[in-house]
Amino acid sequence: AVATAQLLVLKKSADYNRLGMADRPSNAEEAAAYADRDAYFPFGLASYVQMLHVKTQRLVSLTAKAAQGAPNFEGVRDTALDLINYASFLVERTDRERGGLT
(Lines give C-alpha, C1' and ligand atoms only; values in the text may rest on other atoms or scores of the structure.)
Protein backbone atom coordinates (compact mmCIF):
# COMPACT_ATOMS: atom_id res chain seq x y z
CA ALA A 1 0.00 0.00 0.00
CA VAL A 2 2.84 2.39 0.82
CA ALA A 3 4.52 1.75 -2.54
CA THR A 4 1.22 2.40 -4.31
CA ALA A 5 0.80 5.62 -2.34
CA GLN A 6 4.33 6.72 -3.27
CA LEU A 7 3.62 6.14 -6.96
CA LEU A 8 0.47 8.21 -6.61
CA VAL A 9 2.50 11.07 -5.10
CA LEU A 10 4.95 10.95 -7.99
CA LYS A 11 2.14 11.10 -10.54
CA LYS A 12 0.25 13.87 -8.75
CA SER A 13 3.45 15.84 -8.12
CA ALA A 14 4.00 16.01 -11.86
CA ASP A 15 0.65 17.81 -12.09
CA TYR A 16 0.71 19.91 -8.92
CA ASN A 17 4.35 20.80 -8.27
CA ARG A 18 7.37 21.86 -10.26
CA LEU A 19 9.28 19.09 -8.49
CA GLY A 20 7.88 15.90 -9.90
CA MET A 21 9.54 13.55 -7.41
CA ALA A 22 9.31 12.68 -3.74
CA ASP A 23 13.07 12.79 -3.02
CA ARG A 24 14.65 15.39 -0.79
CA PRO A 25 16.03 18.36 -2.74
CA SER A 26 19.68 18.08 -3.72
CA ASN A 27 20.15 21.71 -4.76
CA ALA A 28 18.65 25.17 -4.35
CA GLU A 29 16.42 24.84 -7.42
CA GLU A 30 14.82 21.64 -6.11
CA ALA A 31 14.50 23.17 -2.64
CA ALA A 32 12.55 26.08 -4.15
CA ALA A 33 10.21 23.58 -5.79
CA TYR A 34 9.32 22.18 -2.37
CA ALA A 35 7.74 25.55 -1.66
CA ASP A 36 5.12 24.56 -4.23
CA ARG A 37 3.81 21.86 -1.91
CA ASP A 38 4.01 24.19 1.07
CA ALA A 39 1.78 26.63 -0.83
CA TYR A 40 -1.01 24.08 -0.57
CA PHE A 41 -0.58 24.17 3.22
CA PRO A 42 -0.46 27.92 3.99
CA PHE A 43 -0.97 27.56 7.74
CA GLY A 44 1.94 25.19 8.29
CA LEU A 45 1.35 22.17 10.47
CA ALA A 46 -2.27 23.14 11.08
CA SER A 47 -2.95 22.86 7.33
CA TYR A 48 -1.48 19.35 7.19
CA VAL A 49 -3.55 18.30 10.20
CA GLN A 50 -6.64 19.82 8.59
CA MET A 51 -6.14 17.75 5.43
CA LEU A 52 -5.71 14.60 7.50
CA HIS A 53 -8.93 15.48 9.31
CA VAL A 54 -10.79 16.08 6.02
CA LYS A 55 -9.64 12.74 4.60
CA THR A 56 -10.50 10.96 7.83
CA GLN A 57 -13.99 12.47 7.77
CA ARG A 58 -14.34 11.32 4.16
CA LEU A 59 -13.43 7.80 5.26
CA VAL A 60 -16.00 7.92 8.08
CA SER A 61 -18.64 9.11 5.61
CA LEU A 62 -17.79 6.40 3.08
CA THR A 63 -17.96 3.74 5.77
CA ALA A 64 -21.36 4.96 6.97
CA LYS A 65 -22.72 4.96 3.41
CA ALA A 66 -21.18 1.63 2.35
CA ALA A 67 -24.58 -0.08 2.25
CA GLN A 68 -25.77 2.46 -0.32
CA GLY A 69 -23.30 1.25 -2.95
CA ALA A 70 -20.19 2.61 -4.59
CA PRO A 71 -19.38 6.31 -4.19
CA ASN A 72 -19.53 8.66 -7.15
CA PHE A 73 -15.87 9.61 -6.88
CA GLU A 74 -12.99 8.55 -4.62
CA GLY A 75 -13.68 5.41 -2.63
CA VAL A 76 -12.28 3.94 0.58
CA ARG A 77 -9.07 2.75 -1.09
CA ASP A 78 -8.35 6.13 -2.71
CA THR A 79 -9.04 7.93 0.55
CA ALA A 80 -6.78 5.55 2.49
CA LEU A 81 -3.96 6.17 0.00
CA ASP A 82 -4.50 9.92 0.42
CA LEU A 83 -4.23 9.52 4.20
CA ILE A 84 -0.89 7.72 3.79
CA ASN A 85 0.39 10.49 1.55
CA TYR A 86 -0.81 13.41 3.65
CA ALA A 87 0.71 11.78 6.73
CA SER A 88 4.01 11.43 4.86
CA PHE A 89 3.84 15.10 3.84
CA LEU A 90 3.39 16.03 7.51
CA VAL A 91 6.40 13.94 8.51
CA GLU A 92 8.45 15.50 5.71
CA ARG A 93 7.45 19.00 6.85
CA THR A 94 8.33 18.35 10.49
CA ASP A 95 11.67 16.85 9.42
CA ARG A 96 12.48 19.94 7.35
CA GLU A 97 11.55 22.22 10.23
CA ARG A 98 13.86 20.30 12.54
CA GLY A 99 16.64 20.36 9.98
CA GLY A 100 16.80 16.69 9.12
CA LEU A 101 15.56 13.20 9.67
CA THR A 102 15.11 11.61 13.06
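The values are calculated or read from the model by the stated rules, or taken from the named source; none is laboratory data. If you're wondering where the values come from, they're calculated on a predicted model, not measured in any experiment. Methodologically, a virtual Cβ is constructed for each residue, glycine included, from the backbone with ideal geometry; neighbour enumeration extends over all protein chains shown. Heavy atoms of the whole protein, side chains included, go into the accessibility calculation; ligands, DNA and RNA do not. Shrake-Rupley method; radii C 1.70, N 1.55, O 1.52, S 1.80 Å.
Rounded to the nearest 0.05, what FRET efficiency is calculated for D15 and D95 with R0 set to 22 Å and r the Cβ-Cβ distance?
My answer for the efficiency is 0.35.
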- Once Rh for the range 36-102 is found with the Kirkwood sum over Cα pairs, what is the Stokes-Einstein diffusion coefficient at 25 °C and 0.890 mPa s, in µm²/s? 187
- Query: Can you tell me the accessible area per residue over the range 33-102, all protein chains present, probe 1.4 angstrom, in square angstrom?
  - Reply: 64
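Please identify the chymotrypsin sites (Phe, Trp or Tyr not before Pro) of the range 67-102 that satisfy two criteria: DSSP loop assignment and at most 16 other Cβ atoms within 10 Å. Which are they?
Details: sites: F73, Y86, F89; in loops: F73.
Within the range 67-102, the qualifying chymotrypsin sites (Phe, Trp or Tyr not before Pro) (loop, at most 16 other Cβ atoms within 10 Å) are F73.
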